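**Student:** Attaching a single structure in structure tokens format; questions to follow.
No lab work stands behind these numbers, since they all come straight from the coordinates. The structure displayed is predicted, hence computed values, not measured ones. With ideal geometry, Cβ positions are generated from the backbone for all residues, glycine too; neighbour counts draw on all protein chains shown.
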Amino acid sequence: MDDVQKDYFYKMKEALKITLVQADLIWQQPEANRVHFTEMIARVEADSDVVVLPEMFSTGFTMNPNTVAETMDGETVVWMKEMARQKQVAIMGSVIIVENDLYRNRFIFVMPSGEIVTYDKRHSFTLAGEDKTYAAGKERVVIDYLGWKWCPMICYDLRFPVWSRNTQDFDALIYVANWPQPRINAWDALLKARAIENMCYCIGVNRIGEDPNGHRYPGHSSVYDVLGAELVNMKHGNEGLETIILNKHHIETNRKKLGFLKDRDLFTLQEE
């Protein structure tokens, strides 16, 4: 295989291996969480391409960002870059970032090369006061990696299908979350729905455990294919890793055969 072929193979993968990391989070202790995830990531299969961590994986879903927020040059982003380099995988999850005096719930996608792409959570969870604490994002992001198009989303975004609408022919939606036990049926149902309506893989990674506010999190990290078939669902509620292969042929074959995306409504979102 010559250098051109090697470069093409690196950039274009028909079969891609993704690892979901379902874990408990140590409340507002970034260093302790980084140590814990370092241990978990060490167990990721050597040929995995992508590793997905939960929402606010370094802190838990806290409304006290002033005590734990970091910059994009902070220790957690540096740690993500080092983990991606060591394991030669893309690593993603959301982190509390402070930027221009505003706190953001930011999805961070780090490639092995050190390149970073970010998405700021669009829909603030008003029930917990997130809208009063964090600045909402305004732009949707699609990430090109290994010949796949990834659309990152965060937790509450899952409830709003128009924001997730597949107008850019992305291959996979990725939701990272701190989704609690009382509404876990909605999590399961909506992940499946987002896969079906967008004819894409839909991946959701949720935390487990209980936070100091008494909210329990049952996991249910999962993967659905373009027809809504459940490929993975970590309903056991334990910490652990699940690795699965996503296949580009599955997407292309079903989109060509069924053509549902061609009939989607032609409208655009306009900021009020």
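**Student:** Name the chymotrypsin sites (Phe, Trp or Tyr not before Pro) in region 159-262 that are in a loop by DSSP and that have at most 16 other C-beta atoms within 10 Å, would you? Let's see the in-between values first.
**Tutor:** Details: sites: Trp163, Phe170, Tyr175, Trp187, Tyr201, Tyr224, Phe260; in loops: Trp163, Phe170.
Loop-located and lightly packed - Trp163.
**Student:** Something else about it: Among (1) 50, 44, 39; (2) 48, 39, 32; (3) 75, 68, 32, only one was calculated for this model; which label is it, if the read-out is Cα extents along the principal axes in Å?
**Tutor:** So the calculated entry is the one marked (1).
**Student:** Something else about it: Count the net charge of all other residues whose Cβ sits under 11 Å from the Cβ of Glu252, scoring Lys and Arg as +1 and Asp and Glu as -1.
**Tutor:** On the way: positive: Lys248, Arg255, Lys256, Lys257; negative: Glu14, Asp169, Asp171.
Within the 11 Å Cβ shell, the charges total +1.
**Student:** Of all alpha-carbon pairs in region 120-163, indicate the percentage at a distance above 11 angstrom. Don't jump to the answer; show the numbers that get you there.
**Tutor:** On the way: 652 of 946 pairs.
I get 69 percent for the Cα pairs in region 120-163 exceeding 11 Å.
**Student:** Please sort 149-159, 213-223 by packing, taking for each peptide the average over its residues of neighbouring beta carbons within 10 angstrom, highest first.
**Tutor:** On the way: 149-159: 22.8, 213-223: 20.2.
Put in order of decreasing packing, that is 149-159, 213-223.
**Student:** At R0 = 25 Å, how high is the FRET efficiency between Lys13 and Trp163 if r is their beta carbon distance? Nearest 0.05 is fine.
**Tutor:** Values: r = 27 Å, r/R0 = 1.10.
The computed FRET efficiency comes out at 0.35.
**Student:** So, R0 is 30 Å and r is the distance between the beta-carbons of Ala32 and His236; what FRET efficiency does that work out to, to 0.05?
**Tutor:** On the way: r = 24 Å, r/R0 = 0.79.
Result of the calculation: an efficiency of 0.80.
**Student:** At 7 Å along Cα-to-Cβ for each site, give me the label-to-label distance between Arg216 and Leu266 in nm.
**Tutor:** 5.1
**Student:** Additional query: Counting Lys and Arg as +1 and Asp and Glu as -1, what is the net charge of the other residues whose Cβ lies under 9 Å from the Cβ of Ser48? Display every interim value, and only then the final one.
**Tutor:** Numbers: positive: Lys17, Lys87; negative: Glu45, Asp47, Asp49.
After counting each charged neighbour, the total is -1.
**Student:** Right, here's the next one. With Cβ to Cβ distances under 15 Å as the rule, what net charge do the other residues near Lys121 carry (K, R +1; D, E -1)?
**Tutor:** Working: positive: Arg104, Arg106, Arg122, Lys132, Lys138, Arg140, Arg159; negative: Glu55, Glu99, Asp120, Glu130, Asp131, Glu139, Asp157.
Around Lys121, the charge tally is 0.
**Student:** Name the GluC sites (Glu not before Pro) in region 78-117 that are in a loop by DSSP and that have at most 13 other C-beta atoms within 10 Å, would you?
**Tutor:** Values: sites: Glu82, Glu99, Glu115; in loops: Glu115.
Passing both the DSSP loop test and the Cβ count: Glu115.
**Student:** Something else now. Quick one: length gained pulling Asp101 to Lys256 fully straight, 0.36 nm per residue minus the C-alpha distance?
**Tutor:** Working: separation 155, 0.36 × 155 = 55.80 nm, distance 4.71 nm.
Using 0.36 nm per residue and subtracting the Cα-Cα distance, I get 51.1 nm.
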